[in-house]
Amino acid sequence: MTLHIFWLTVLTKITLYFFSSFFPTSAQVNWDSPETLQSKDSVVSTATGRAVAVTANPLASDAALKILERGGTAMDAVVAAQAVLTVVEPQSSGLGGGSFLLYWDEQKKFLYALDGRETAPSRAGKDDWLNEDGTPLSWIKATKSLSAIGVPGTTALLWEGHGRFGRLPWNENFEESIRIAEQGFLPSPRFLSSIFLAKRIGINHSDAFKSLYLPNGDLPNKNIPFQNKALARTLTRIADLGVEEFYRGNIAKDLLIDLNKYQLDGANVRTMTLNDLANYQIYERNPICRPYRKWRVCTFPPPSGGGIALLQTLGIFEILMPRNNEKKNVFSWHYLAESLRLADADRSHWIGDPIDWPVPVDGLLEDSYIKERAAFIKPNKAHLSPLPGTPRGSELLDLASQPRTSGGGTTHLVIVDIYGNIASYTGSVETVFGSRYISGGMILNNQLTDFSFVPSIGGKSISNRVGPKKRPMSSMSPVIVFSGNRPVIAIGSPGGWVIPHFLSNAIIKLLDLGLPPKEAVETSHLSVRPTETILEKNAFWFKDQLDIVKKLELLGHRVKTRSFSSGLALIQLRDGLWHGAADPRREGKAVGLQ
Ligand code: GLU
């Protein structure tokens, strides 16, 4: 029976994959990362300064810059930028979603990790993603299910972060977002193509979505300011009354009324309760760090699996490629692909919310284990479908690997302020426009689809199974890189499962090849699946890749090309000045304060 479920999941994934590769649309649907891609001719936005902000939308970057100019900290600017993104990039993140923050406090010389991930309601059960016959729900159906909505964490994270690291009054950081929601903004191409994409994935379950984003059944006019008055009211309430209003006040009550209303068919959906909202908690986690050559790379621990995958990848790659300074050396491509595949095998097996299973974080990252993993990789032969390892701390765990989940609907931003504080922040609502349900003008996430749909395989539990008050495994991996005790790079990206692939590529380009931020964000990505090595289609290095493809195939790689909708946001300290760059695959903008 469980084997049957496994093959059904595999079959569904394969069908979706073939569907996406054979029927590409103008909106570039990619079911692993269903967000839209900018034209390949987009230019990279760059900026330099004492303080720099890079976000996925020009209005959010400008709002962050205003805050930095007024003497606000990086945290104040994160609040302002995320509030504006809720309005102008609702397809990717917002106050109805969740987020991770990595924050360097320059005065305390301390790196903080705040976890504002969505949490499953207390009534969630391990069969939430199964049909009555025990088969997993289809992904499309799950994405618009009320059961997919996790208790949102973003507002609590912004509040907590602001309480610790903010300098400007809380409400001041909301001014721009309220003004833009009230007066409107001109819809960007990506905003419009995301609405189009949401329509293809399904919007008929949400009248609120249709009336806001498809007035009269059409996309909003790109020449008329798009307003969201309900969201302006919600933002004003949060600005004036703080976090209480969101989790225990009128916003919470309205959210519950809306969820009940959406439960039209009377089905027994176990959505959140007022208690779940009232009890939402931000967790302060210990960042995870590993040396990479002469630097130290720090990122987010579980429930992120992306952070561990990134550190393992870099660790294994460094052993195999002690020197790496030629961009066309086939071994760097071969070894990177192999390192990624091994790291992916571990994260789909060992990572979940540590409240359910003890995640062997130390074992997965220790030198002896990284060496053991590197020893599996051969210079002359690709190792396809590698198995997870057995790190120290896993001895008592008898788990099954989970089928890979889909991702999307995510944003990353990086900000350094004039005081030297740095924020690397990833926010998400999951699938493009999340569940597409709306309350108070806010998109409600569907982050709980990041849980494994099946709780076990072959009698063995899956670490990332659904459970009450659990946080689903994420790939989001905000990063800060140090040289000695000094932060020199902050970076991150959306992209679902492939986030650590994008990040390891970019970090290697910056640190090994010495590429400037602009090239690190624009040059092509290398990614993997268990049996494939994927090079980016239409990429800026594509010509260079053709001879590499042949060489990789000789080593046994099955090479495929695909497009990616990464959204790297990067700042790097070079010659005493911060340099920022935004990924040209989205609409990001870098801004600087001289
Ligand atoms: N839900 C995904 C995660 O947390 C979002 C990441 C993304 O799509 O970029 O991993």
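Would you please name the residue that is surrounded by the fewest Cβ atoms within 10 Å (Cβ to Cβ), looking only at residues in region 344-379 that are of a type in the set (Phe, Trp, Tyr) and part of a loop (DSSP other than H, G, I, E, B)?
Among those that are of a type in the set (Phe, Trp, Tyr) and part of a loop (DSSP other than H, G, I, E, B), it is Phe376.
Of the helices (runs of 4 or more DSSP H) lying entirely inside region 1-109, those containing at least 1 residues that are modelled with pLDDT under 95 are 2-22. Sort out which residues of region 481-516 are within 16 Å of the ligand (Cβ to nearest atom) and small (Gly, Ala, Ser), and write them in order of number. Passing the criteria: Gly492, Ser493, Gly495, Gly496, Ser504, Ala506. Would you check if there is a residue in region 217-226 being under 24 Å from the mean Cα position of the chain (by Cα) and farther than 27 Å from Pro58 by Cα? No, every residue in region 217-226 fails to be under 24 Å from the mean Cα position of the chain (by Cα) and farther than 27 Å from Pro58 by Cα. Could you tell me whether Gln545 is surrounded by fewer than 22 Cβ atoms within 10 Å (Cβ to Cβ), of a type in the set (S, T, N, Q), over 28 Å from Tyr103 (Cβ atoms) and out of contact with any Ser or Thr (no Cβ under 6 Å at 6 or more places or on another chain)? So Gln545 fits the description; yes.
Scanning region 386-431 for residues that are touching a helix residue (DSSP H, G or I) at 6+ places or on another chain (Cβ under 8 Å), part of a loop (DSSP other than H, G, I, E, B) and of a type in the set (S, T, N, Q) yields Ser394, Ser401, Gln402, Thr405, Ser406, Asn421, Thr431.
Under 23 Å from Leu114 (Cα atoms) and surrounded by fewer than 20 Cβ atoms within 10 Å (Cβ to Cβ): is that true of Arg486 in this structure? Steps first, please.
On the way: under 23 Å from Leu114 (Cα atoms): yes; surrounded by fewer than 20 Cβ atoms within 10 Å (Cβ to Cβ): yes.
For Arg486, the condition - under 23 Å from Leu114 (Cα atoms) and surrounded by fewer than 20 Cβ atoms within 10 Å (Cβ to Cβ) - is met.
Only one of the numbered conditions (1) more than 10 Å from the ligand (Cβ to nearest atom); (2) crowded, with 24+ Cβ neighbours inside 10 Å; (3) at pLDDT 95 or above is not met by Gln402, and that is (3). All of Val151, Val87 fail the test of being of a type in the set (A, V, I, L, M) and closer than 23 Å to Pro302 by Cβ, apart from Val151. The single condition from (1) at pLDDT 95 or above; (2) surrounded by fewer than 19 Cβ atoms within 10 Å (Cβ to Cβ) that Asp575 fails is (1).
Name the single residue that is surrounded by the fewest Cβ atoms within 10 Å (Cβ to Cβ) among those in region 420-447 being within 10 Å of the ligand (Cβ to nearest atom) and hydrophobic (A, V, I, L, M, F, W, C). I'd like the intermediate steps shown before the answer.
Within region 420-447, the first condition is being within 10 Å of the ligand (Cβ to nearest atom), and the residues that meet it are 426-432, 434, 445-447.
From the residues that got through so far, the ones that are hydrophobic (A, V, I, L, M, F, W, C) too are 429, 432.
Values: Val429: 35, Val432: 28.
Among them, the one singled out is Val432.
Scanning region 298-318 for residues that are in a loop (DSSP other than H, G, I, E, B) and under 16 Å from Phe502 (Cβ atoms) yields Phe300, Gly305. Sub-9 Å Cβ pairs linking a first residue in region 462-480 that is closer than 16 Å to Leu311 by Cα and away from the ligand (no atom under 11 Å from the Cβ) to a second residue that is of a type outside the set (A, V, I, L, M) and assigned to a loop (DSSP other than H, G, I, E, B), at least 6 apart or interchain, are Pro478/Phe300; Val479/Phe300; Ile480/Pro287, ordered by first then second residue.
Would you confirm whether or not region 128-137 contains a residue that is within 30 Å of Ala239 (Cα to Cα) and either modelled with pLDDT of 95 or more or of a type in the set (A, V, I, L, M, F, W, C) (or both)? Don't jump to the end; show me each part of the working.
To start, the set of residues in region 128-137 that are within 30 Å of Ala239 (Cα to Cα) comprises none.
The answer is no; no qualifying residue exists.
Residues in region 531-554 that are farther than 22 Å from Val498 by Cα and either modelled with pLDDT of 85 or more or under 23 Å from the mean Cα position of the chain (by Cα) (or both): Lys550, Lys551, Leu554. Taking the listed residues Ala423, Ala400, the one that is touching a Lys or Arg at 6+ places or on another chain (Cβ under 6 Å) and of a type in the set (Gly, Ala, Ser) is Ala400, with no other qualifying.
Looking for something surrounded by fewer than 24 Cβ atoms within 10 Å (Cβ to Cβ), away from the ligand (no atom under 16 Å from the Cβ) and among the aromatic types (Phe, Trp, Tyr) - is there at least one such residue anywhere in region 409-419? Steps first, please.
Filtering region 409-419 down to residues surrounded by fewer than 24 Cβ atoms within 10 Å (Cβ to Cβ) leaves 418-419.
From the residues that got through so far, the ones that are away from the ligand (no atom under 16 Å from the Cβ) too are 418-419.
When the remaining residues are screened for being among the aromatic types (Phe, Trp, Tyr), the result is 419.
Taking every residue of region 409-419 in turn, at least one turns out to be surrounded by fewer than 24 Cβ atoms within 10 Å (Cβ to Cβ), away from the ligand (no atom under 16 Å from the Cβ) and among the aromatic types (Phe, Trp, Tyr).
The residue pairs whose first member lies in region 294-305 and is closer than 14 Å to Val481 by Cβ and away from the ligand (no atom under 14 Å from the Cβ), whose second member is assigned to a loop (DSSP other than H, G, I, E, B) and of a type outside the set (Phe, Trp, Tyr), and whose beta carbons are closer than 7 Å, counting only pairs six or more residues apart or on different chains, are Cys298/Pro287. Note on region 479-538: residues that are aromatic (Phe, Trp, Tyr) and outside any strand (DSSP E or B) amount to 2.
The values are calculated or read from the model by the stated rules, or taken from the named source; none is laboratory data. Small disclaimer: the values here were computed from a predicted structure and weren't measured. Neighbour counts run over all protein chains shown; Cβ positions are idealised from the backbone, glycine included.
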